[in-house]
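Okay, so here's the structure we're looking at.
The values are calculated or read from the model by the stated rules, or taken from the named source; none is laboratory data. Everything numeric in this text was worked out from a predicted model, so none of it was measured. Neighbour counts run over all protein chains shown; Cβ positions are idealised from the backbone, glycine included.
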Amino acid sequence: MKVTTTSSKTYRFAPKPWPTIIAVSAFVVLVGLGTWQVQRLLWKGDLITYREAQLAAPAIPLGDDLSAIGDDFAFRRVTVSGAFLHDNEIYLAASHDRTIGFQVITPLRRADGSVVLIDRGFVPSAARPAWLRGEGQVTGVVTIEGLVRVSPRRGSFTPDNDPDKNYWFWFDFAAMAAFAGVEAPLFVVEAGPAENPGGLPIGRELRVELRNEHLSYAITWYCLALAMVVIYGLSQRVETGPVEDPDNG
């Protein structure tokens, strides 16, 4: 007696030209994106390390030659003394703890007559008028400790500044100084968390505020590349039919 059994189906890999071209192109793009994120991961790590080192260094007084303050001073802790020119406040749109408002940028005139722009901190929109926060409009010589911020970048979708309304969306140091009627170098000192009289403006904590999520982005792109290879491989199979195995009994 001859018994014939049928085994499971078999397949062979038979790639078609256009799906292969598309799959290879997509694979190269996905791997390229993943590799780019790895490069960004290393770059961001170096940047965070640099900023942490700057923050860890002791604060130094700003020297007489303000033109020497460049990119190597970015996020350096400094101290600067002088008198605020409160009548020349500049308002930069900002938010704090989910509250919309402004960063108050105030020129500070030093003893030698030079002027430095100081980001004193945040005030909510309702407290924009200076007379509503009179206690914080300190007079006389003050000493500010904060971070030097240079070379600000304007985002792709950041609106234009509106000097006519004293409404700013990004740091344009030259235009801000011109608006305030002063000559100031192209940087701002961001005041630290020391509390101002009356509680406003609210200074910032002196810390690194950079997220580094590029590793998860890289893993995502590489996983997509792997998934695409699997899908391509399964989609390019051709069924060869069942295999019959004779069994004599």
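The sole residue among ARG133, ARG149 that is in the same structural domain as PHE84 (by TED's automatic domain parsing) and either loosely packed, with under 11 Cβ neighbours inside 10 Å or over 19 Å from ALA184 (Cβ atoms) (or both) is ARG133. Does any residue of the range 183-198 turn out to be assigned by TED's automatic domain parsing to the domain that holds LEU85, under 27 Å from GLY63 (Cβ atoms), part of a helix (DSSP H, G or I) and without any contact (Cβ under 8 Å) to a residue 24 or more places away in the chain? Looking through the range 183-198, none of the residues is assigned by TED's automatic domain parsing to the domain that holds LEU85, under 27 Å from GLY63 (Cβ atoms), part of a helix (DSSP H, G or I) and without any contact (Cβ under 8 Å) to a residue 24 or more places away in the chain. The requirement of being of a type in the set (Asp, Glu), part of a helix (DSSP H, G or I), more than 24 Å from the chain's Cα centre (by Cα) and surrounded by 11 or more Cβ atoms within 10 Å (Cβ to Cβ) is fulfilled nowhere in the range 43-55; no residue meets it. The criterion of being more than 27 Å from ILE48 (Cβ to Cβ) and touching a strand residue (DSSP E or B) at 6+ places or on another chain (Cβ under 9 Å) does not hold for ARG76. Within the range 167-182, being in contact (Cβ under 8 Å) with a residue 40 or more places away in the chain, buried (at least 17 other Cβ atoms within 10 Å of the Cβ) and assigned to a loop (DSSP other than H, G, I, E, B) holds for PHE171, VAL182. Condition first: more than 23 Å from the chain's Cα centre (by Cα), crowded, with 17+ Cβ neighbours inside 10 Å and not aromatic (Phe, Trp, Tyr). Can you find one or more residues in the range 118-129 that meet it? Checked the range 118-129: at least one residue is more than 23 Å from the chain's Cα centre (by Cα), crowded, with 17+ Cβ neighbours inside 10 Å and not aromatic (Phe, Trp, Tyr).
For the range 64-89, a residue qualifies if it is crowded, with 18+ Cβ neighbours inside 10 Å, under 23 Å from the mean Cα position of the chain (by Cα) and part of a loop (DSSP other than H, G, I, E, B), and the qualifying residues are ILE69, PHE75, ARG76. Checking the structure you have, find out if any residue of the range 151-166 is assigned to a strand (DSSP E or B), of a type in the set (Ser, Thr, Tyr) and touching a residue at least 12 places away in the same chain (Cβ under 8 Å). No, because not a single residue in the range 151-166 is assigned to a strand (DSSP E or B), of a type in the set (Ser, Thr, Tyr) and touching a residue at least 12 places away in the same chain (Cβ under 8 Å).
Looking at the range 90-117 only, could you name the residues that are surrounded by 16 or more Cβ atoms within 10 Å (Cβ to Cβ) and more than 15 Å from ALA191 (Cβ to Cβ)? Correct list: TYR91, ALA93, GLY101, ARG109, ARG110, SER114, VAL115.
Modelled with pLDDT of 90 or more, among the basic types (Lys, Arg) and farther than 17 Å from GLY203 by Cβ: does that describe ARG109? It is true that ARG109 is modelled with pLDDT of 90 or more, among the basic types (Lys, Arg) and farther than 17 Å from GLY203 by Cβ.
Comparison of ALA126, ALA191 shows that the only residue that is in contact with a Gly (Cβ under 7 Å, 6 or more places away or on another chain) and over 17 Å from ASP87 (Cβ atoms) is ALA191. Against the condition assigned to a loop (DSSP other than H, G, I, E, B) and of a type outside the set (Gly, Ala, Ser), how does VAL138 come out, does it pass? Here the answer is yes, as VAL138 does meet what is asked.
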